[in-house]
Amino acid sequence: MPPRVEDKEVLNEYLDSREFVSNKNDKIAEIEDDMSNFLHTKYFSFFDSGASAIHSALIACNVTYGDEVIVPSWTFAAPAFQVLRVGAIPIFADIKPDTYNLDENNVIELLNKFKKVKAIIAVHMQGYPCNLKSLRKIADDYNIKLIEDCAQAFRAKVDGKYVGTYGDIGCFSFMPVKQLASCGELGGICTNNVDLFNNANSVKTYAQKIIEGDSNFYYNSFTYGYNYKPSALNCIFLKYQLEHFNTTISKIQNNANKLTDFLMKKIDFLVPPIIEDGYEHVYHLYRISCNTSDLNIKNTGNFRKLIMNILKEEGLTTRLYQSQRF
């Protein structure tokens, strides 16, 4: 949603204030409070990107050289890349063919096989939540951390509870193609654990000491850190997207439901996304797959290309998503 006139006025006020140093900008803290209130979580902190949020979350969870982290075998590359950045080893788990999310049964198999696993990164693919209740129990049973990658799934829910709030830390991306989108690169974390919150915040400010509720600025660096501080302009832009977000996402969900009803009634070889009981999808992408088993089609790749061309002629944009071509 583009900013309204009054939104632009607030952005102009920020530009006129010339308070461009993000760690001294009270506006960011105000919007972080808005985000924590929206998600019903104790703590929220903005980062300069979703990738830096995951990186900081891993460090906050004490994942380091030689540790292992379970990640999905089919997802965007960022989670595995951040595991490698901290010197750990990504262990690739299977995904379920109907949801494209982590297969929790395979996660258990891997935990019984690999003995240095420190964390699971659960990625909610294309706006649909993982089986968070099961993954939360698995993480507790094996005494490891659960990190949620909610980059594609802000406001998705399981049993009325937002994704990002089941894990030890939830990580978000708000760059321009996401549902809740800013005007540039922006990420964030949420958690109910004050130690994880302080540690992750310290990572983003060159490892300077950051303590929740302590307004003092400690200039010394206490370990190794990075400059992951967000742009205040991006945060302010996001604030006014958040205010209208429930309305925006409801329109997306209503359109998706209409499309699903049409496909199920009219075109049985195009399979819409599944929605399990208690799960709420936010449709970062509306994924369909082709079931050609009853059509006697030998080359499914060409058939898929034909379907995509037909939809393109009808004005509907489609694309392959991380598909292997043979």
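Readers should treat all values here as calculations from the given coordinates under stated rules, not as data from a laboratory. These numbers come from a predicted model, not from an experiment. Neighbour counts are summed over all protein chains in view; Cβ atoms, including those assigned to glycine, are modelled from backbone coordinates with ideal geometry.
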Practice task
Add +1 for every Lys or Arg and -1 for every Asp or Glu among the other residues with Cβ under 10 Å from the Cβ of ALA57, and state the total.
Solution key: -2
Fill in the blank from the handout: When the charge dipole of the chain is computed with +1 on Lys and Arg Cβ and -1 on Asp and Glu Cβ about the Cα centre, the Cα farthest towards its positive end, among GLY50, THR260, LEU196, belongs to THR260
Handout entry: the range 5-245 - charge dipole about Cα centre, Lys and Arg +1 at Cβ, Asp and Glu -1, debye rounded to 20
Key = 620 debye
Practice task
Could you please rank PHE172, PHE38, PHE237, placing first whichever residue has the fewest other Cβ atoms within 10 Å of its Cβ?
Solution key: PHE38, PHE237, PHE172
Handout entry: Unsatisfied cross-links (Cα-Cα over 30 Å) in the set LYS115/LYS178; LYS137/LYS239; LYS258/LYS305; LYS27/LYS209; LYS118/LYS161
Key = LYS115/LYS178; LYS137/LYS239
Practice task
In whole Hz, with x marking every Gly and Pro, tabulate ³J(HN,Hα) for the range 68-82 from phi via Karplus 6.51 cos²θ - 1.76 cosθ + 1.60, θ = phi - 60°.
Solution key: 10, 9, 7, 10, x, 7, 9, 5, 5, 6, 3, x, 5, 4, 5
Completion exercise
Correct response: the longest run of the chain lacking exposed trypsin sites (Lys or Arg not before Pro), defined by DSSP loop and at most 13 other Cβ within 10 Å, is 117-297
Practice task
With unit charges on the beta carbon (Lys/Arg positive, Asp/Glu negative), name the residue among ILE28, LEU11, ILE120 whose Cα is farthest towards the positive pole of the charge dipole of the chain.
Solution key: ILE120
Problem - Tilt relative to the chain, helix 232-243 - C-alpha long axis, 0 to 90 degrees, to 10 - result: 50 degrees
Exercise for the section: Consider all pairwise Cα distances in the range 246-313 and report the whole-number % of them above 21 Å. Expected result: 33 percent
Fill in the blank from the handout: Extend 7 Å from the Cα of LYS133 along its Cα-to-C-beta direction; within the range 158-190, residues with backbone N under 13 Å of that point are 158-161
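Mind sorting VAL163, VAL117 by how few other Cβ atoms lie within 10 Å of their own Cβ, fewest first?
VAL117, VAL163
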Completion exercise
Among ASN62, LEU320, CYS183, the residue whose Cα sits farthest towards the positive end of the charge dipole of the chain, when +1 is placed on the Cβ of each Lys and Arg and -1 on the Cβ of each Asp and Glu, is LEU320
Fill in the blank from the handout: Using alpha-carbon coordinates alone, the radius of gyration and Dmax of the chain in Å work out to 20.9, 70
Fill in the blank from the handout: For PRO72, the net charge from surrounding residues (Cβ-Cβ under 14 Å; K, R +1; D, E -1) works out to -4
Problem - Cα Rg, Dmax, the range 229-285, angstrom units - result: 16.0, 49
Practice task
Evaluate the charge dipole of the range 272-326 about its Cα centre and quote only its size in Debye, nearest 20, assuming +1 on the Cβ of each Lys and Arg and -1 on the Cβ of each Asp and Glu.
Solution key: 480 debye
Fill in the blank from the handout: Going fewest to most other Cβ atoms within 10 Å around each Cβ, CYS290, CYS130, CYS61 line up as CYS290, CYS61, CYS130
Problem - Nearest-0.05 FRET efficiency for GLU30 and THR64, computed from C-beta distance (R0 35 Å) - result: 0.55
Fill in the blank from the handout: Rh (Kirkwood, all Cα-Cα pairs) for the range 29-94, Å, reads 13.1 Å
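Which translational diffusion coefficient, to the nearest whole µm²/s, is obtained for the range 63-153 from the Stokes-Einstein equation, given a Kirkwood hydrodynamic radius over C-alpha pairs, 25 °C and 0.890 mPa s?
Values: Rh = 12.8 Å.
Estimated via Stokes-Einstein, D reaches 192 µm²/s.
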